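Sharing a structure here in structure tokens format.
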């Protein structure tokens, strides 16, 4: 290892690091960099067992859901002090708060930084005060980032069109990548009649309402299919559904709710098709995991999602927020033979390995990091 070179990776939770950034950490270590990780410590701190070389630094003032400007200024000061102490050659910020306030801190500390926009989320999907403030903050701070990296071309183009970032400093990669060795299945057959499965936080923006409405219509028409939901509430997110709505779906047998699980692979195995009717994504990780497991996908013709599906090849695309179009896609899938569904899953697996592999994405990101340090 060359101790004269170091990278600091910053995110809004250790959960984020554990689930999405281990490939980047591994790549940086392989290239001889000292790696610091800065994030609030939670149960997922166990990721450090995979990387004894990493120095994890707890962030005490980062509250991803707070809108208190005093807390945000305290975050800037905490990060500034830590950056001055560790003196990294580059700071890589993930998610909105680190992107905005971490960039200010890096500027004050005199270190170079990169912002990675992992998805635009509620603040961009829903027009309103938060949207206006978030755009204003990015417009004021993005100029201080050496580069901005986006997880799909649509988000990159949107930031350029809104003049939030210069085109020359804006890059797009294909999400955060998926471990195709971990998400892999030898099982070829899938349940028939189809099992449609939604996996994700129970947010309106994820399309959970459209999924449940489609399930209800299938049941009313006595069409042979079942509908499974995995995921948990996100009470701090304004888009989260209420518990009474979920209880109503369960009591009516609209969906089979499995709750939150740490390992989705057994449920992917038991599914025929994964459905994510999202309104917008960075790059939907669950869709990539499903593809890697050889499962066909139905998702939406929106940012991030549409980059994962080739219509009729590894799945189908529906209009976002359109229950009827979602049902149309599901009915097309139901009309396929088991052999056709299997072939669709195999093509998705090939796409995951060739385009969305976490090692490919880590290589792409590291190349941009190196450009940003020059």
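The values are calculated or read from the model by the stated rules, or taken from the named source; none is laboratory data. All figures in this text were calculated on a predicted structure; none of them were measured in a lab. All Cβ positions, glycine included, derive from the backbone under ideal geometry; neighbour counts span all protein chains shown.
Checking residue 293 against (1) more than 15 Å from the chain's Cα centre (by Cα); (2) more than 18 Å from residue 353 (Cβ to Cβ): exactly one of these is not met. Which one?
With respect to (1) more than 15 Å from the chain's Cα centre (by Cα); (2) more than 18 Å from residue 353 (Cβ to Cβ), residue 293 is out only on (2).
Among the numbered conditions (1) closer than 25 Å to residue 282 by Cβ; (2) in contact with a helix residue (DSSP H, G or I) (Cβ under 8 Å, 6 or more places away or on another chain); (3) assigned to a helix (DSSP H, G or I), tell me where residue 63 comes up short.
Of (1) closer than 25 Å to residue 282 by Cβ; (2) in contact with a helix residue (DSSP H, G or I) (Cβ under 8 Å, 6 or more places away or on another chain); (3) assigned to a helix (DSSP H, G or I), only one is false for residue 63: (3).
Sticking with this structure for a sec: Does the range 351-374 hold any residues that are without any contact (Cβ under 8 Å) to a residue 24 or more places away in the chain and part of a helix (DSSP H, G or I), and which are they?
Quick first cut of the range 351-374, residues without any contact (Cβ under 8 Å) to a residue 24 or more places away in the chain only: 354, 367, 370, 374.
Of everything in the range 351-374, those that are without any contact (Cβ under 8 Å) to a residue 24 or more places away in the chain and part of a helix (DSSP H, G or I) turn out to be 354, 367, 370.
Every residue, every condition in (1) in contact with a strand residue (DSSP E or B) (Cβ under 6 Å, 6 or more places away or on another chain); (2) modelled with pLDDT of 95 or more; (3) under 16 Å from residue 351 (Cβ atoms), yes or no:
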position	(1), (2), (3)
251	no, no, no
256	yes, yes, no
273	yes, yes, yes
308	no, yes, yes
321	no, yes, no
328	no, yes, no
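Are any of the residues in the range 289-297 under 22 Å from residue 173 (Cα atoms), out of contact with any strand residue (DSSP E or B) (no Cβ under 8 Å at 6 or more places or on another chain) and modelled with pLDDT of 95 or more?
Taking the range 289-297 and keeping what is under 22 Å from residue 173 (Cα atoms), we get 289-293, 297.
So of that shortlist, the ones also out of contact with any strand residue (DSSP E or B) (no Cβ under 8 Å at 6 or more places or on another chain) come out as 293.
Cutting the leftovers down to modelled with pLDDT of 95 or more gives us 293.
Yes, the conditions are met somewhere in the range 289-297.
How many residues are modelled with pLDDT under 95 and within 20 Å of the chain's Cα centre (by Cα) when one looks only at the range 206-230?
Number satisfying all stated conditions: 0.
Residues in the range 292-310: is at least one surrounded by fewer than 16 Cβ atoms within 10 Å (Cβ to Cβ), touching a helix residue (DSSP H, G or I) at 6+ places or on another chain (Cβ under 8 Å) and in contact (Cβ under 8 Å) with a residue 24 or more places away in the chain? Spell out the reasoning first.
Applying the first criterion (surrounded by fewer than 16 Cβ atoms within 10 Å (Cβ to Cβ)) to the range 292-310 yields 301, 310.
Filter once more, so that each one left must be touching a helix residue (DSSP H, G or I) at 6+ places or on another chain (Cβ under 8 Å): 310.
From what is left, the residues that are in contact (Cβ under 8 Å) with a residue 24 or more places away in the chain are 310.
Yes, some residue in the range 292-310 is surrounded by fewer than 16 Cβ atoms within 10 Å (Cβ to Cβ), touching a helix residue (DSSP H, G or I) at 6+ places or on another chain (Cβ under 8 Å) and in contact (Cβ under 8 Å) with a residue 24 or more places away in the chain.
Sticking with this structure for a sec: Restricted to the range 62-81, and to residues that are within 26 Å of the chain's Cα centre (by Cα) and crowded, with 17+ Cβ neighbours inside 10 Å, which residue is nearest to residue 129 (Cα to Cα)?
Step by step, filter the range 62-81, then rank; the result is 72.
Mind telling me which of the residues 55, 37 ends up being buried (at least 16 other Cβ atoms within 10 Å of the Cβ), within 18 Å of residue 18 (Cα to Cα), modelled with pLDDT of 95 or more and in contact with a strand residue (DSSP E or B) (Cβ under 8 Å, 6 or more places away or on another chain)? So that I can check it myself, show each step before the final result.
Details: 55 fails: buried (at least 16 other Cβ atoms within 10 Å of the Cβ).
Sole residue among the options that is buried (at least 16 other Cβ atoms within 10 Å of the Cβ), within 18 Å of residue 18 (Cα to Cα), modelled with pLDDT of 95 or more and in contact with a strand residue (DSSP E or B) (Cβ under 8 Å, 6 or more places away or on another chain): 37.
Which condition from (1) part of a helix (DSSP H, G or I); (2) in contact with a helix residue (DSSP H, G or I) (Cβ under 8 Å, 6 or more places away or on another chain) is the one that residue 16 breaks?
(2)
Hey, another quick one. Where residues in the range 203-229 are in contact with a helix residue (DSSP H, G or I) (Cβ under 6 Å, 6 or more places away or on another chain) and over 21 Å from residue 301 (Cβ atoms), which of them is surrounded by the most Cβ atoms within 10 Å (Cβ to Cβ)?
227
Looking at the range 104-202, what helices (runs of 4 or more DSSP H) fall wholly within it and have at least 2 residues that are on the phi < 0 side of the Ramachandran plot, touching a residue at least 24 places away in the same chain (Cβ under 8 Å) and surrounded by fewer than 16 Cβ atoms within 10 Å (Cβ to Cβ)?
129-141
Now, a different point. If residue 356 satisfies all but one of (1) surrounded by 22 or more Cβ atoms within 10 Å (Cβ to Cβ); (2) farther than 24 Å from residue 118 by Cα, what's the number of the condition it fails?
(2)
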